[in-house]
Structure formats: C-alpha cells, structure tokens
Amino acid sequence: MIGVAMMILGLALYPLSDALIKHLMGTYSVPQTTFLRALTRTIPLCLAVFFQGGMRQVFSSKQTGTHIARLGVSLIQTYAFMIAFSLGSLTVVYTFSYTSSLCMVLLGALFLKEVISKEKWIAVILGFIGILTAVRPNIHSFGLIALIVLLGAFCGALNKVLMRKLAKTEHSLAIVIYPNLALMLVTLPFLFSHWQHVSLQDLGLFGLIGLLTAGAQYSIAQALRFAQATLLAPIDYSSFLWVLLLDFVLWNCSPDFFTLLGALFIIGSNLYILYCTKKEKRSTI
C-alpha cells in the first residue's frame, strides 16, 4: 500500500510539471528546456543527500553495470518525450505513453521473474481500453509523434524494471540523481547553439518544475522499493485523470461522454488490481 501511494503521488506530480514544460517550450528549445529541467531537479536532490546519510552512503553502489544501462535507457526516454511534447498535445502524448504499462508487465515477468496473474492482465487490458475509449485514436493519430512516444514508452517500462532491480541494493536518491547528471552532460554541447536568455519569471517556473519532477522521481523510486512492477503498472493510468484536469483548468477543455466513460474504465482497472492484490495476500496467510 505504501508503494501504491508513492506511485500515485509521483504520477500526479509529473503531468503538472509536463504542462509547465510544454508552456516553456513555446519560448525555449528542446535542449535548453531539457538541460534546465534536469539542473533544477538535481539541485534539491543533491541537497537531500546530506539529510539521507551523506555522499558515501547514498552513492555507494553494488550494481554499477545496471546503473550504466539505465542511464542510456533514461536518456532515450527523456528526449523522446521532450521532443513529443514540442510536437503534440499533452493528451495525445500521454495517450500513447500508456503502452508502457503493457511493456512493464512483460518486462517485469522476464527480468524480475514476477508472476503475472490473470487478474493483473485483466486490469492492464481494462485500463488500456479506457484510454482508447477516452481519446478514440484513429489512423491519422499514428504519425511521427506516436512512433516517438512509443519508443519513449518502451524505454520508460524498461527504466522502471531497472529501477526495481536497483532498489534492492541502491539508495533511492542515487537512482534518481545519476540520470539527471548524465542528461546534463549529454545536453551541454548543444546549448552553445540553442541557448537564449531566460527571464526571471521563467527561471522561477523551471525551479518549480525541478521541485515537482524531483519529488515525482523520488516517489516513484520509493514506490518500486515497496511494490512489484506488475502491481504498479496499472496505476500508470491514474495520471490520465490529472491530464484531463489540467486540460480543463489551463486550457478550458471539458471532457465529453467518451472521455468520462474511458476514465471510469481507468479508475475501475486501478481499483480492481488493488482488490486482487489484497485477495492474493489473504490467500497466502
């Protein structure tokens, strides 16, 4: 239950930060936005190191190879979604990103040897039906944006599986700090041709984005420490409810009947997987 609560919190913070990122992309390039987002969320995470036992305790590692593999996966995932946000709407990007849950269940079974029950499969399928019902994607939706997001979604699933493996021996702060440092190093050379002056107001927004995403990353890392990847996979759909809320508040977009019907499927899949998990636990006692 702690893992589920931490995952819901992390997934609530991400859509809000993504909405702010999309707003700032109207002014700044993808490399500059990516660099500043990574920088602003690394600062509070590094400060937290001193309250979590110091550098030696946080950054000592028993899985160096897994860290390196995850850095590459995380870089592809981040740039795929940043480019997609610059090309398409928040709702479209999130719609295709939910294929990550299906990938996560499969990868969790393959790499983490987690058991996939029939109930978990039903929950994931119900959630995906809800997404298709809410957005009703047609053949024209499957263009460049879809391909980019699908690549990012697969990398996102693989990233979470690797995080689950790292959580067994590594500190949660190290798990989230390393990818941000790598992202800044890779992006730095592109800033010489893409940098432009950042206003004080926008700098404050980047700072807020950093706090939101740092909190989201840490919450998800903690969630993967307390719960199985296959249990957390259907909960990915809960972020869609936050996307709908942001669309209404920020852009005055009201959901139609099919959107609400899809939302019911999404909520139902999450409640169903929680019910099945409790049922499994009772049967093992």
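The values are calculated or read from the model by the stated rules, or taken from the named source; none is laboratory data. It should be emphasised that the depicted structure is a prediction, and the values quoted were computed from it without experimental measurement. Quick reminder, even Gly has a Cβ in these numbers, built from the backbone with ideal geometry, and neighbours come from all protein chains shown.
Here are the numbers:
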{"quantity": "Filtered residues of the stretch 158-177 (kept if surrounded by fewer than 20 Cβ atoms within 10 Å (Cβ to Cβ) and assigned to a helix (DSSP H, G or I))", "calculated": "Lys165"}
{"quantity": "Residues of the stretch 53-66 that turn out to be in contact (Cβ under 8 Å) with a residue 12 or more places away in the chain, out of contact with any Leu (no Cβ under 7 Å at 6 or more places or on another chain) and part of a helix (DSSP H, G or I), as a count", "calculated": "2"}
{"quantity": "Among residues of the stretch 92-104, those that are modelled with pLDDT under 70 and surrounded by fewer than 23 Cβ atoms within 10 Å (Cβ to Cβ), counted", "calculated": "1"}
{"quantity": "So Gly54, is it at positive phi and either modelled with pLDDT of 85 or more or surrounded by fewer than 17 Cβ atoms within 10 Å (Cβ to Cβ) (or both)", "calculated": "yes"}
{"quantity": "Single condition Lys120 does not satisfy, out of (1) at pLDDT 80 or above; (2) in a helix (DSSP H, G or I); (3) among the charged types (D, E, K, R); (4) over 16 Å from the mean Cα position of the chain (by Cα)", "calculated": "(1)"}
{"quantity": "Breaking point among (1) closer than 21 Å to Ala182 by Cα; (2) surrounded by 22 or more Cβ atoms within 10 Å (Cβ to Cβ); (3) touching a Leu at 6+ places or on another chain (Cβ under 6 Å), for Met7", "calculated": "(1)"}
{"quantity": "Condition check for Gln228: buried (at least 16 other Cβ atoms within 10 Å of the Cβ), under 16 Å from Met163 (Cα atoms) and within 15 Å of the chain's Cα centre (by Cα)", "calculated": "no"}
{"quantity": "Test for Met6: is it closer than 30 Å to Cys276 by Cβ, more than 17 Å from the chain's Cα centre (by Cα) and not β-branched (Val, Ile, Thr)", "calculated": "no"}
{"quantity": "Unique residue being at pLDDT 75 or above, surrounded by fewer than 16 Cβ atoms within 10 Å (Cβ to Cβ) and in contact with a Phe, Trp or Tyr (Cβ under 8 Å, 6 or more places away or on another chain) when the list is Gln196, Gln201", "calculated": "Gln196"}
